[in-house]
Amino acid sequence: MEKDTLNKSYEPREVESRWYPYWKESGFFHGEDKSKQKPYSIVIPPPNVTGMLHMGHALNNTLQDVMIRFRRMQGYNTLWMPGTDHAGIATQNVVEQDLARRGQTRHDLGREKFIEKVWEWKKKYGGIILNQLEKLGCSCDWSRERFTMDEGLSRAVREVFVRLYRDELIYRGDYIVNWCPRCHTAISDLEVEFEEEKGGLWYIRYPFADGKGEVVVATTRPETMLGDTAVAVNPGDARYKDLVGKTVVLPLMDKKIPVIADDYVSIEFGTGAVKITPSCDPNDFAMAQRHDIEIVIIMDGSAVINENGGPYRGQDRYSARKNVIEDLKRGNYLVREEPYTHNVGRCYRCKTIIEPAISKQWFVKVKPLAKAATAAVVKGKTRIIPKMWEGTYYDWMDNIRDWCISRQIWWGHRIPVWYCDDCGGMTVSTDVPDGCMNCKGTSIRQDEDVLDTWFSSALWPFSTLGWPDDTDTLRTFYPTSLLVTGFDILFFWVARMMMMGLYIMKDVPFQDVYLHALVRDEQGDKMSKSKGNSIDPLLMIDKFGADAFRFTLTAFTAQGRDVRMSEERIEGYRNFVNKIWNAARFSLMHLPSGEKASSVPPKRDDYGLFDRWILDRMNRTVSEVTRHLDEYRFNEATATLYQFVWHEFCDWYLEWIKPVLYGKATEGEKEAALDALRKVLVTAVKLLHPFMPFVTEEIYQRVSLEEGSIMVSPFPVEDGALADEKAVSDVTLLQNIVTAVRNIRGEMNLAPSKKLRILALAPDEKDRALIQSALLYLNELANLESLELAGEIGEEPKQVAMGVAGSVKVYVFLEGMIDFSVEKARLEKEIAKIARDLQVVSRKLGNRDFREKASPEIVEKEEKKFHALREKNQVLEGALNRLNEWEKSGK
């Protein structure tokens, strides 16, 4: 391909494969540790090493790349830090599944060999998702790629753990945690996914120990009664005020337990009396601590009943439930059973129903840390965008519970604590100790547990920049400028980074947090492989190109709203890419090259009306796009660009200047138009570059007179000297005249190729002068045979259709242009068809059943259809009425 030409059609794959290696090898993605330029940094939300690029990743990383390219062009010293997360449970599961296919378990290998296997797997597959981000066009500084278990980050993790421990913000103790019987590990509250499920509510009688009466309790989990150590009622419940302090006999276990009073008990739930199983429910556990009640553990780590479950020992929890219910019936303890819908917690990884369990775990005291993190947002040191998420953030921080950070798996950061078998002491250290810090004995063993994956992720903004060392990178780029992430990990990750950043660095980890919504299908449903509605980003890139895919994602990213995506929408923006390409091809056919292109640009007065108009519109577009990106209004930025490039530049300006380019104007007018054309096209591709990096680079290299890559060229800035209200006003009138003629063509079914005669009635002398000066252009764009201009007329002309353009009336002569009877019959037939369609849609919208059962998206679609049909009907009826009036008046 020659320097000053473009191929007939845009081939994304060829262009993308050429420019990305060039950018990467040229060092354009690299941020400087020392620079006089203002720093701008983003740390990537590290995808799991097990991950493959999905729509959520594509959206998240496209938005980050838009901002980093935008700021880079604005002259900032930019750093986009890439990396991956070791994803403890997820990665261990993948490797364990691989072993299972060979008939092995991790225990067959032992801890050390198993971890070697995981590292082998990571080396082979762990970088796939980062390579896929390159396909998307992401301009990360790949020379700095980090991994949450690389040596530097592992050192940071140990250092933070030890500091927290020494500041008495980390402790170990018996506590009730969310336990996954499948993954065999504790998981945090945030890692539990709740789903509403249909179950049962069983009413069971607990007889009093003295044989005088009974109390009936209601439970959703009868198998847990094997570990009951009390029955509780509300102290304000008059029904039970005389029962508090009495003793009941636990059915099936023949064990005496007390009746206690606690404000936590709901008077409305069940009978108002509840069984208390401290080892199987966090609220019961808290109650047991308040009342000093015995805690009996009845299940092992696989949710199988243990020796404390009497005859049910060895049964899994569901078999035990079935057998307990049968035995309660047999013993006449079961009063009744009724359907009950309640929330059930599942492990976010394997979807197994979690089991509250008591075990020794490590915790972070987060209340003191949360206080500072809340204050930072209140004071505006960190902004959360959209602002509506601030309330959710405050609410969660105010009600935060201690964070369980230990996990009973092998893959991850092993807890830096050693236990002494000689004195029972504990050594907490960043380095492997030679012996016990208490007795100096050498019989020490390290804690078996690893840290929650989110612990290392919470350090990501500063650990990736070199902390705990005081590096130039850290000094230059911390706090980072922006974090882009999904709202669904506001608590998992964002809040914890805020707490750790303020604790360690004494400053917030980022200035802005942009929370994007979920990517859903066109109907608003969540994407999933099982539903068959998921979209593979890599397939979309292969089919339509990265630029069309990226632009579609940003075009539908409105603050606070889910992104609705479909292949048809991506295809639609592929057409936009082609439109830009064709506009550039057309421009290059006329733009001078070589020495001629380097001539002195024209003075402002040399520009024609349409040049001044497009330069004004370009200038406004620069201002609007810059403002929208500064405010993270991605959809508004893309809408502004689409309107300017497709409609104002392509549909209007290129058409206005064709007569000039094809020799129907002076040489000076042509030179001015070509200068404006180049200026506008270069500015347009620069504005588009953050969204469409590949096609814009390809065009820029052929159109721009500047040397180098578009991605390091200056981003356009607003120029007040280009503002021209008069040019905008004048061209708007001319556009309205052309639009009026085109509308009449459409309404009267006149072929675009037919040349028309029109009369423009313009009472204002300035309007007449403007129209007179633009006759050449109006004739071309409206395809006119003639344009008669008048300030006033006596009698209105006959057999005309009339349109209005501001204060100008536009009359299109129809005599000899249409067969009135044929046109009348066509309109009547079209109106009848629309009437039938309107009736069908009206009936549907008037059906209460349809409105109640159909999704809001379907109802909205039908409403839009109704309004479009009604609008079309009004236009056609207007045209038919005009024909009838002409027929009656004999015009």
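The values are calculated or read from the model by the stated rules, or taken from the named source; none is laboratory data. In this text the structure is predicted, and so the values were computed from the model without any measurement. Here the Cβ positions follow ideal geometry from the backbone for every residue, glycine too, while neighbour counts run over all protein chains shown. We work out accessible area using only protein heavy atoms, side chains counted, and drop any ligands, DNA or RNA first. Shrake-Rupley method; radii C 1.70, N 1.55, O 1.52, S 1.80 Å.
Would you call ASP284 open to solvent by 10 Å² or more (accessible area, probe 1.4 Å), closer than 25 Å to ARG336 by Cβ, of a type in the set (D, E, K, R) and touching a strand residue (DSSP E or B) at 6+ places or on another chain (Cβ under 6 Å)?
Criteria met by ASP284.
Show the residue pairs meeting these rules: Cβ distance below 6 Å; 6+ apart or different chains; first residue within region 145-169 and within 23 Å of THR473 (Cβ to Cβ); second residue open to solvent by 70 Å² or more (accessible area, probe 1.4 Å) and at pLDDT below 95.
none
Anything in region 506-545 that is among the aliphatic types (A, V, I, L, M) and either in contact (Cβ under 8 Å) with a residue 40 or more places away in the chain or open to solvent by 30 Å² or more (accessible area, probe 1.4 Å) (or both)? List them, or say none.
Kept after step one, since they are among the aliphatic types (A, V, I, L, M), are these residues of region 506-545: 508, 513, 515, 517-519, 527, 535, 538-541.
Result: VAL508, VAL513, LEU515, ALA517, LEU518, VAL519, MET527, ILE535, LEU538, LEU539, ILE541.
Would you confirm whether any residue within region 211-227 is closer than 25 Å to ARG401 by Cβ and aliphatic (A, V, I, L, M)?
No, the conditions are met nowhere in region 211-227.
State whether the residues of region 507-526 include one that is out of contact with any Cys (no Cβ under 8 Å at 6 or more places or on another chain), at pLDDT below 75 and of a type in the set (A, V, I, L, M, F, W, C).
Taking every residue of region 507-526 in turn, none turns out to be out of contact with any Cys (no Cβ under 8 Å at 6 or more places or on another chain), at pLDDT below 75 and of a type in the set (A, V, I, L, M, F, W, C).
Given LEU515, LEU490, which one is touching a strand residue (DSSP E or B) at 6+ places or on another chain (Cβ under 9 Å) and part of a strand (DSSP E or B)? Working first, answer last.
Numbers: LEU490 fails: part of a strand (DSSP E or B).
Unique residue meeting the criteria: LEU515.
Restricting attention to region 655-674, which residues are surrounded by 21 or more Cβ atoms within 10 Å (Cβ to Cβ) and out of contact with any Lys or Arg (no Cβ under 8 Å at 6 or more places or on another chain)? Show your work before the answer.
Quick first cut of region 655-674, residues surrounded by 21 or more Cβ atoms within 10 Å (Cβ to Cβ) only: 656-657, 660, 672-674.
Answer for region 655-674, where residues must be surrounded by 21 or more Cβ atoms within 10 Å (Cβ to Cβ) and out of contact with any Lys or Arg (no Cβ under 8 Å at 6 or more places or on another chain): TRP656, ILE657, ALA672, ALA673, LEU674.
Which pairs have Cβ atoms under 6 Å, sit 6 or more apart or on different chains, and link a residue in region 821-837 that is farther than 14 Å from GLU747 by Cα to one that is surrounded by 13 or more Cβ atoms within 10 Å (Cβ to Cβ) and modelled with pLDDT of 85 or more?
ILE834/LEU869; ASP837/LEU869
Quick one: in region 1-49, of everything that is open to solvent by less than 40 Å² (accessible area, probe 1.4 Å) and of a type in the set (Ser, Thr, Tyr), which residue is nearest to the chain's Cα centre (by Cα)?
Once the filter is applied, the top-ranked residue is SER41.
How about region 394-412: which of its residues are open to solvent by 10 Å² or more (accessible area, probe 1.4 Å) and hydroxyl-bearing (Ser, Thr, Tyr)?
TYR394, the sole residue that qualifies.
If a residue must be assigned to a loop (DSSP other than H, G, I, E, B), at pLDDT 90 or above and open to solvent by less than 20 Å² (accessible area, probe 1.4 Å), how many such residues does region 762-815 contain?
The number of residues fulfilling the criteria is 2.
State all residues of region 450-473 that are closer than 19 Å to GLN361 by Cα and not in a loop (DSSP other than H, G, I, E, B); if no residue qualifies, say none.
VAL450, LEU451, THR453, TRP454, PHE455, SER456
Could you say which residue among LYS686, LYS726, LYS679 is among the charged types (D, E, K, R), in a helix (DSSP H, G or I) and closer than 30 Å to ASP542 by Cα?
Values: LYS726 fails: closer than 30 Å to ASP542 by Cα; LYS679 fails: closer than 30 Å to ASP542 by Cα.
Being among the charged types (D, E, K, R), in a helix (DSSP H, G or I) and closer than 30 Å to ASP542 by Cα holds for just one of LYS686, LYS726, LYS679, which is LYS686.
Looking at THR485, THR473, which one is on the phi < 0 side of the Ramachandran plot, at pLDDT below 95 and surrounded by 19 or more Cβ atoms within 10 Å (Cβ to Cβ)?
Checking each option against the conditions leaves just THR485.
Among what's in region 138-158 and is polar (S, T, N, Q) and in a loop (DSSP other than H, G, I, E, B), pick the residue that is surrounded by the most Cβ atoms within 10 Å (Cβ to Cβ).
THR148
Quick check on my filter: what residues within region 368-383 are of a type in the set (Val, Ile, Thr) and either at pLDDT below 95 or closer than 20 Å to TRP403 by Cα (or both)?
Across region 368-383, the qualifying residue is only THR374.
Select, from ILE129, ILE115, ILE89, the only residue that is of a type in the set (A, V, I, L, M), in contact with a Pro (Cβ under 6 Å, 6 or more places away or on another chain) and assigned to a helix (DSSP H, G or I).
Answer to the check: ILE129.
Report yes if ILE580 is under 18 Å from the mean Cα position of the chain (by Cα) and either in a helix (DSSP H, G or I) or crowded, with 17+ Cβ neighbours inside 10 Å (or both), otherwise no.
no
Read through the list (1) under 27 Å from LEU109 (Cβ atoms); (2) open to solvent by 40 Å² or more (accessible area, probe 1.4 Å); (3) not polar (S, T, N, Q), then give the number of the only condition that ILE415 fails.
Condition (2) is where ILE415 drops out.
Of THR480, THR430, which residue is within 17 Å of PRO46 (Cβ to Cβ) and surrounded by 14 or more Cβ atoms within 10 Å (Cβ to Cβ)? Quick ask: steps written out before the conclusion?
Details: THR430 fails: within 17 Å of PRO46 (Cβ to Cβ).
Only one candidate passes the filter, namely THR480.
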